[in-house]
Amino acid sequence: MAETHRYTLGGKSFTAVAVNTAAKAGEWVHSKLGNYSNLSTKYSSSDLVTEVDKGSETLIRNLIHTHFPDHAFLGEEGVGAGPAASSQALRKAADSEYLWVVDPIDGTTNFVHGFPFFSVSIALAYRGEVIVGVVYDPSRDELFVAEKGKGAYVRGKRLQVAPQRALSDSLLGSGFPADRDYALPCNLRGINALTPKVRNIRSAGSAALHLAYVAAGRLTGFWEIGLNSWDIAAGALLVQEAGGTVSDTLGNPYSLEVRNVVASNGLIHQEFLDELAAAGATK
Ligand code: IPD
Ligand code: CA
Ligand code: CA
């Protein structure tokens, strides 16, 4: 544990609260699979939200504030749609000593279609640095958890990133962003350039869970343009604590402001960045 971080308050462990909260929210979301009643769109026609997203966020916020009433909270459903609103909300919250960064369902499109690949993502930042990250997949009952300086785990097993040394041996993950004007075309340039150069690319619809899979060595790397802090924060710590590297597409180190994210086992990172740059797929 990095000595500058405090992981408890009044005897309560931040990580225990994050784990219990993600598990409760994930179980509830899973119980609602195929059983939502209110579907609407946000930033674009493919940016979906249901009452289950909102209910999950309320449950998470209430549980966290029951334990830590003074902590700040940034959740996707509490913020207006689109990148400008989310950047502004993050800037407003940036000064908080403790900030919880939450995606109540990462993979809403999958949830809506009954495709069992979605997650609850909960991170805690201390003075802007992520110190706890939890990503819970209720469909497989896999809870990925990391604490800064203490490693990343799933089901008690320590996570380790994948061993591949070259892009040509890699299995990558990516996404098809909901923002079709700017993020999707850029990401498609990357997919177009990288697909012939890697073993294959998977896009299963939850950025947080893809990052957990990079931490678990199931994917060699992951990238996506135009994500938000709540998609990345918990998964980025998982990858770092499993021995991997997280940066933006220009190679700057990960911070909460990063939207264009590249995560990998570290060994392929520079080659990965170079290919995205050559394809004009960095921003
Ligand atoms: C989305 C998922 C998806 C990614 C999108 C995200 P949401 O989050 O992470 O995999 O491609 O860019 O917006 O809307 O389901 O929370
Ligand atoms: Ca998300
Ligand atoms: Ca979401």
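The values are calculated or read from the model by the stated rules, or taken from the named source; none is laboratory data. Computed from a predicted model, the values in this text were never measured in an experiment. A quick note on method: Cβ atoms are made from the backbone with ideal geometry, for glycine too, and the neighbour counts reach across all protein chains shown.
Per-structure values
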| item | result |
| --- | --- |
| Pairs, first in the same structural domain as Ile232 (by TED's automatic domain parsing) in segment 103-116, second more than 8 Å from ligand 1 (Cβ to nearest atom), C-beta under 7 Å, six or more apart | none |
| Residue among Ile122, Ile105, Ile64 that is surrounded by 21 or more Cβ atoms within 10 Å (Cβ to Cβ) and not in a strand (DSSP E or B) | Ile64 |
| Total residues in segment 264-283, condition over 19 Å from Leu188 (Cβ atoms) and not assigned by TED's automatic domain parsing to the domain that holds Ala242 | 0 |
| Residue among Thr58, Thr50 that alone is surrounded by 18 or more Cβ atoms within 10 Å (Cβ to Cβ) and either under 17 Å from Trp100 (Cβ atoms) or within 16 Å of ligand 1 (Cβ to nearest atom) (or both) | Thr50 |
| Among the residues listed as Ala208, Ala193, the single one being in contact (Cβ under 8 Å) with a residue 12 or more places away in the chain and either within 16 Å of ligand 1 (Cβ to nearest atom) or surrounded by 22 or more Cβ atoms within 10 Å (Cβ to Cβ) (or both) | Ala208 |
| Sole residue being farther than 25 Å from Leu59 by Cα and assigned by TED's automatic domain parsing to the domain that holds Ala94, chosen from Gly175, Gly128, Gly149 | Gly149 |
| Qualifying residue in segment 71-79 (condition: without any contact (Cβ under 8 Å) to a residue 12 or more places away in the chain and within 14 Å of ligand 3 (Cβ to nearest atom)) | yes |
| Given (1) within 16 Å of ligand 3 (Cβ to nearest atom); (2) touching a residue at least 60 places away in the same chain (Cβ under 8 Å); (3) not acidic (Asp, Glu), index of the condition Val19 fails | (1) |
| Residue match in segment 24-43 (condition: surrounded by 13 or more Cβ atoms within 10 Å (Cβ to Cβ), of a type in the set (A, V, I, L, M, F, W, C) and over 30 Å from Ala183 (Cα atoms)) | yes |
| Residues of segment 91-113 that turn out to be more than 11 Å from ligand 1 (Cβ to nearest atom) and more than 15 Å from the chain's Cα centre (by Cα), as a count | 10 |
| Failed condition for Ala84, given (1) away from ligand 1 (no atom under 15 Å from the Cβ); (2) of a type in the set (A, V, I, L, M, F, W, C); (3) assigned to a loop (DSSP other than H, G, I, E, B) | (3) |
| Subset of segment 91-132 (residues that are closer than 19 Å to Asn260 by Cα and within 14 Å of ligand 2 (Cβ to nearest atom)) | Val101, Val102, Asp103, Asp106, Gly107, Ser121, Ala123 |
